[in-house]
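For reference, the structure is listed below as structure tokens.
Every number in this text was worked out from the coordinates using simple rules, so none of it is lab data. On a predicted model such as this, the values are computed, not experimentally measured, just so you know. Cβ placement follows ideal geometry from the backbone for every residue including glycine, while neighbour counts extend to all protein chains displayed.
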Amino acid sequence: QVPRPATELDAPFSTSCQEPDVAAERENAVIVMLARNNERQQAKKTIQSIEAQFNKWFNYPIMFLNDDAWNPRFVAELNETAGGKGIFEVIPKEHWTYPDWIDQDAAKNSIKQQGEAGAPHAGQEGYHHMCRFYSGKFYQLDVLKKYKWYWRVEPDVDFTCAITYDPFVQMAKRKKVYGFTIALWEVGKSCPGLFRATADWKESRGVVTSNLWSAMMEASWMPFPFRRFLSWVPHRDSYGDAWSLCHYWSNFEIADMDFFRSKAYQDYFDYLDKKGGFYNERWGDAAVHSLAIAMLADSQQVHHFEDIGYRHDTFYQCPVNAPGGQLPNSPSLAENKPWTPEEAGGIGCRCKCTGKEKLRNYGTYC
Ligand code: GDP
Ligand code: MN
């Protein structure tokens, strides 16, 4: 096994199995899932997984959010799956709708055209409301005011490794503000004007960073060969309209809501909202969060949870394939025994991947 470099900027919080410390103090945190009533089965799958791999020990509340009234069957079944820790809330209408300055007929027309042009989900009005909601309004919800930290999950997610420590506590201890598992590319045609708007906001507000591009490039999780390759790609054309499209995939996030509630972030969100791009284009919350983190947080405040086994859709992060490790050919896979640190490539705990992940898939697709 190749030893991890001692100078690593963003080392995993834990590199071995341990008995979860159930007596330790918790953070002020909540697990959150936005869902639709018709996603009951997929929602259950996610909650079963996070309960089995983490929350049966740590017992954080799980808040379910919906723009529609909850179906009693969803509430009953998911609360049971969540071990009685479910909280079911309906999003106030004003957080899930067009802002006043949007011409709704024009927006609906544009959404129809975007759907025909084929960007994923771009033809669904609800999806645009969802992206706007998660980009900014989410952090203003009254029902979340009393919490500082959130862990976002979605229907149809698998956690494939036991998480035997408290990620909220570790994030707080190390002054992290944003944690992710997978980074991949945004679909360019969903957001042709987003980077221009972002660059304009940054300039108009005098936000100083080592520019966005270098912030993304210097992120410690970026595999070096990609960094070298990307450094040859122009990152802002003469019109200011392009970025690498690399973003943190926001269906998994563990983050500090105070960052997103800050004046600077909310000002950025309001600026984007005024531009109308949540409707005239399909600006996604993942891209918006990522660009904001690149501008407003230090790279040391971002954490890649490379030890969390994760699947959503067809994308995986499989810690047994982590840097320095190799896919073990071990009988413990069949027996479902904990990996030894050597087997797990130095990180992860009781991990069982499906074998579909391919070698060297450790979350950072871009
Ligand atoms: P994708 O991950 O970008 O492909 O989009 P998803 O379909 O997974 O949607 C992202 C999240 O938003 C999931 O948690 C969905 O349940 C939720 N979502 C999307 N549209 C709606 C909607 O119209 N109403 C509600 N309540 N949730 C939605
Ligand atoms: Mn999804």
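Given R₀ = 51 Å, FRET efficiency for TRP57-LEU184 by Cβ-Cβ distance, to 0.05? Mind dumping the intermediate values first?
Details: r = 30 Å, r/R0 = 0.59.
With R0 = 51 Å, the Cβ-Cβ based efficiency is 0.95.
Can you flag which of LYS176/LYS275; LYS173/LYS263; LYS137/LYS275 are past 19 Å Cα-Cα? Intermediate values should be presented prior to the final figure.
Details: LYS176/LYS275 30 Å; LYS173/LYS263 24 Å; LYS137/LYS275 16 Å.
Violating the 19 Å limit, Cα to Cα: LYS176/LYS275; LYS173/LYS263.
Got a sec to turn the phi values of the stretch 112-125 into Karplus ³J(HN,Hα) couplings, 6.51 cos²θ - 1.76 cosθ + 1.60 with θ = phi - 60°, whole Hz, x for Gly and Pro?
Each residue's phi maps through the Karplus curve to give 4, 5, 5, x, 5, 6, x, 5, x, 6, 5, x, 9, 4 Hz.
Output wanted: per-residue J couplings in Hz (rounded whole) for the stretch 145-160, from phi through Karplus 6.51 cos²θ - 1.76 cosθ + 1.60, θ = phi - 60°, x for Gly and Pro.
After applying 6.51 cos²θ - 1.76 cosθ + 1.60, I find 4, 7, 9, 9, 10, 9, 10, 8, 10, 10, x, 6, 10, 10, 9, 9 Hz.
Going by how many other Cβ atoms sit within 10 Å of their own, how do VAL90, VAL208 line up, fewest first? Don't skip to the end; give the middle numbers.
Working: VAL90 14, VAL208 8.
By the 10 Å Cβ count, ascending: VAL208, VAL90.
Going 7 Å from the Cα of ASP298 toward and past its Cβ, which residues in the stretch 172-197 have a backbone nitrogen under 17 Å from where you end up?
The answer is 172-179.
How about the stretch 82-122: which chymotrypsin sites (Phe, Trp or Tyr not before Pro) there lie in a loop by DSSP and see at most 11 other Cβ atoms within 10 Å?
Working: sites: PHE88, TRP96, TRP101; in loops: TRP96, TRP101.
Here the chymotrypsin sites (Phe, Trp or Tyr not before Pro) that fit, given the DSSP loop and packing criteria, are TRP101.
What order do you get for HIS128, HIS289, HIS121 when you list them from fewest to most C-beta neighbours inside 10 Å?
Arranged by neighbour count, lowest to highest, HIS128, HIS289, HIS121 become HIS121, HIS289, HIS128.
Using a/c under 1.5 as the rounded threshold, could you call the stretch 132-180 rounded, prolate or oblate? The axes a ≥ b ≥ c are square roots of the C-alpha gyration tensor eigenvalues, and prolate needs a/b larger than b/c, oblate otherwise.
Judged from the Cα gyration tensor, the stretch 132-180 comes out oblate (a/c at least 1.5, b/c at or above a/b).
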